[in-house]
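Any read-out appearing in this document is the output of simple, stated calculations on the displayed coordinates, not a laboratory observation. The shown structure was predicted, so the numbers you read here are calculated from the model rather than taken from an experiment. Every residue, glycine among them, receives a Cβ derived from its backbone with ideal geometry; neighbour counts consider all protein chains shown.
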Amino acid sequence: MPELPRLEWARMNLDQVRAQLLAAASRGRFLTPEQLENAAGKIEEGLRVYEEETGHAAPEPRPDSPRPICSNPRRYRSR
């Protein structure tokens, strides 16, 4: 299978995250911390690729939300 161009790969990842968030919201379901971390990583990587490929800088991350968002996701699991 041929490799996707970088922009198409980034768009595919962002579309997957969008679909996952919409599906969870429409069904009233919660995403686990691991799923949210994975989605955040896909968004971060997609924005980085867009920035590199288009030459437009992505906005700086807000200082009040440092990465990683959750250092120990298992701590937040319901028992």
Quick check: pseudo-label points 7 Å beyond the Cα along Cα→Cβ at ALA24 and GLU3, how many nm apart are they? 3.1 nm
Whole-Hz ³J(HN,Hα) from phi, Karplus 6.51 cos²θ - 1.76 cosθ + 1.60, for segment 33-41, glycine and proline x: x, 5, 5, 5, 4, 4, 4, 4, x
